[in-house]
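Colleague: My questions all concern the structure below.
Coordinate-derived values only; no laboratory data. Computed from a predicted model, the values in this text were never measured in an experiment. Glycine also receives a Cβ, built like all others from the backbone with ideal geometry; neighbour counts cover every protein chain displayed.
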Amino acid sequence: MSLDLNQATPEDIRERAAIDRSVRYPVLFFFTSAAAWLFVATLLGFLSGLKLRVPTLWEDCPWLGYSRLFPVHMLALVYGWAMQAGLGVMIWLMARLTRNELKNPVTVIVAGHLWNAGVAVAVITVWAGLGRSMPWLDFPVWVAPLLFIGYLMVTLWLIPMFRARRAGEVYVSEMYLIGAALWFPWIFATANLLVGDEGAATMSTGINAWYMSNLIYFWFAPVALASAYYLVPKIAGRPIHSYPLAQVGFWALAVLAGWTGFQRYVGGPFPAWIPAVSGAASIFIIVAVVAAGANFWFTLRGRQKLWEYSPTLRFTLFGVLMFLAYAVLSGVSSFFSLSQVLQFSHFVVGLDTLAVYGFFSMAAFGAIYYIVPRITGCEWPSPTLIRGHFWFSTYGIGTVVLTMLVGGFAQAGQMNQWDQAFVRSVEVANGWIVGRIVAWLLIAAANLGFFYQLALMFIGRGRRSAGPTLIHAEPGSVGSAEEAVALAGAGGHH
């Protein structure tokens with residue numbers, strides 16, 4: 001059915017099957033819950049873009065104002081979709097890496113319900129106008145404990161699984177998973193305790209930016225890279241190119257990420273050294289990203305054509321590429337000459353979207369396409385829908401990021417014209433917002449096929465024939481992406 005299973009012993013196959021059975025329901029719960037929130041986030045993203053482009057639309061309904069639609073869109077995208085998809089990936093990966101069955105699936109599902117309740121309350125309270133006007137922390141401070149406890153109840157079980165692992169060197173994916181599990185409670189509790197409901201406006205703004213940057217580098221990045229370090233060697237059929245290089249990337253991220261965030265407010269009312277140090281950390285963190293990217297490239301050297309057939313490899317590598325783009329753009333925009341121009345423009349929205357959807361979400365899709373067949377016992381029904389999901393997602397994220405980044409430059413340039421009215425910068429940016437609307441329509445189209453296939457897999461209606469679902473290959477015609485490449489190279493039908 002897959003490369004790793006074909007090369008495994010019968011004992012390995014039985015062990016993995018038992019592990020997959022133990023995590024099946026919790027992982028499927030998080031994946032399907034995440035997919036539902038992604039649908040909500042996609043709809044809200046489209047509506048918020050439409051409202052920004054046509055401000056007079058629904059002007060008598062405060063619930064459909066941009067100041068409410070955009071924050072709940074980001075809350076649903078970050079906490080509803082991205083973090084739940086990441087939690088599902090973390091559970092499965094840790095079980096597989098440590099070769100331990102999950103002993104308490106019911107508790108994890110209960111924790112998942114608590115997390116979903118927290119996300120729902122956060123979205124409703126902000127939508128009702130009770131938000132704090134802080135990106136990714138808009139919800140009232142009393143909502144934070146729901147999310148905090150739900151998260152701890154899920155990740156608490158990863159620590160015993162890690163401690164019970166078999167003797168041997170700790171793989172880099174395990175390091176990233178444990179790091180993510182421990183780092184999020186720290187940054188989440190710190191941000192909510194320091195900001196509160198009535199925190200000092202200046203420092204609260206800085207803490208908010210620090211939290212957003214650290215959520216990207218201390219949670220989204222470790223989970224996505226843990227998945228990539230597990231999946232890329234599996235599909236390539238060879239070990240990771242350089243384990244020391246992988247460790248360099250991990251420790252560079254661990255040391256530098258906590259200093260980032262304040263660079264968003266270069267020239268702001270903070271001691272000058274704080275944004276300067278944050279900016280330097282954002283630039284040096286590119287080393288961690290390049291280390292990971294180089295490792296994956298050399299691991300796949302000579303086998304790059306595998307990505308043409310493997311959905312997992314295609315989504316994962318695109319996500320890693322977007323991570324590199326995010327790190328470079330974040331680092332470059334930390335320079336004072338650029339930051340002072342871009343920090344209050346649409347550029348920031350484009351950068352955040354690039355991190356959450358372009359980087360993490362694409363890597364999460366790659367993991368989901370690999371994991372779900374193994375825990376359900378059936379294959380994805382349609383390679384055509386997977387291919388459509390990839391390309392519509394690519395076009396969508398490319399459109400939203402490009403229009404927001406370029407539109408941000410245009411908007412910022414107009415804002416810096418001191419002899420022009422501020423409303424002129426709004427008018428200049430309006431044309432670029434059309435791209436944002438179109439982008440979320442493309443992303444919605446991308447995810448329709450994904451939702452449909454995931455629902456079929458959830459109810460056990462996936463394809464039962466042998467062979468994985470591969471792009472550009474008939475379902476069940478080959479046993480792996482490597483066989484598909486060999487067949488294509490021999491001039492066979494594919």
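Colleague: Along each of its three principal axes, how wide is the spread of alpha-carbon positions in segment 83-226, in whole angstrom units, largest first?
Modeller: 50, 29, 19
Colleague: Let me ask something additional. Which helices, counted as full DSSP H runs in the chain, have an axial Cα extent of no less than 27 Å and a Kyte-Doolittle average of 1.0 or above?
Modeller: 105-127, 172-195, 311-332, 422-458
Colleague: Another question about this same structure. Would you mind putting 357-363, 477-483 in packing order, based on average other-beta-carbon counts within 10 Å, highest first? Please report the intermediate quantities before stating the final value.
Modeller: Working: 357-363: 27.4, 477-483: 20.9.
The densest-packed peptide leads the list: 357-363, 477-483.
Colleague: Return the calculated 222 nm mean residue ellipticity for the chain, to the nearest 500 deg cm²/dmol, obtained by summing -39500 (n - 2.57) across DSSP H runs with n ≥ 4 and dividing by the residue count.
Modeller: Per the formula, -23000 deg cm²/dmol.
Colleague: Further, regarding this structure: Can you spot the aspartates and glutamates whose alpha carbon is less than 16 Å from residue 51's alpha carbon? Ignore those fewer than 8 places along the same chain.
Modeller: Within the straight-line limit of under 16 Å, residue 51 reaches these aspartates and glutamates: 59, 60, 427.
Colleague: For residue 103, list the lysines whose Cα falls under 30 Å from its own Cα; do not include residues on the same chain fewer than 8 positions away.
Modeller: Cross-link targets: 234.
Colleague: Please report, in cubic angstrom per residue, the volume enclosed by the convex hull of the alpha-carbon atoms of segment 63-120.
Modeller: 61
Colleague: Sort 451-464, 87-100, 332-345, 280-293 for me by packing, meaning the mean count of neighbouring Cβ atoms within 10 Å per residue, highest on top.
Modeller: Put in order of decreasing packing, that is 87-100, 280-293, 332-345, 451-464.
Colleague: Considering only C-alpha atoms, what is the centroid distance from segment 437-478 to segment 40-87, in Å?
Modeller: Cα centroid of segment 437-478 versus Cα centroid of segment 40-87: 26 Å apart.
Colleague: Now for a different question. Considering only C-alpha atoms, what is the centroid distance from segment 19-35 to segment 299-313, in Å?
Modeller: 26
Colleague: Rounded to the nearest angstrom and ordered from largest down, what semi-axes does the equivalent ellipsoid of segment 173-264 get from its C-alpha gyration tensor (root of 5λ)?
Modeller: Semi-axis lengths for segment 173-264 are 32, 12, 9 Å.
Colleague: Further question: Tell me the relative contact order for the chain as a rounded percent, counting alpha carbon contacts under 8 Å between residues six or more apart. Write out the running numbers ahead of the final one.
Modeller: On the way: 778 pairs, mean separation 80.8, N = 494.
Value for the chain: 16 percent.
Colleague: How many angstrom lie between the C-alpha centres of segment 379-407 and segment 322-373?
Modeller: Cα centres, segment 379-407 to segment 322-373: 15 Å.
Colleague: Before anything else, pin down the relative contact order of segment 271-426: Cα pairs under 8 Å, at least 6 apart, normalised by residue count, whole percent.
Modeller: On the way: 142 pairs, mean separation 43.2, N = 156.
Across segment 271-426, relative contact order equals 28 percent.
Colleague: Next question, about the same structure. What's the exposure ranking of 241, 472, 73, going from fewest to most Cβ atoms within 10 Å? Intermediate values should be presented prior to the final figure.
Modeller: Numbers: 241 18, 472 13, 73 23.
By the 10 Å Cβ count, ascending: 472, 241, 73.
Colleague: Next up: When all alpha-carbon pairs of segment 3-489 are counted, what percent fall beyond 38 Å? Could you put the intermediate results ahead of the total?
Modeller: Details: 25399 of 118341 pairs.
Roughly 21 percent, rounded to a whole number.
Colleague: Treat segment 1-105 as a sphere of radius equal to its Kirkwood radius over Cα pairs and apply Stokes-Einstein at 20 °C in a medium of 1.002 mPa s; give the translational diffusion coefficient in µm²/s, rounded to a whole number. Walk me through the intermediate numbers first.
Modeller: Values: Rh = 16.3 Å.
Roughly 132 µm²/s, to the nearest whole number.
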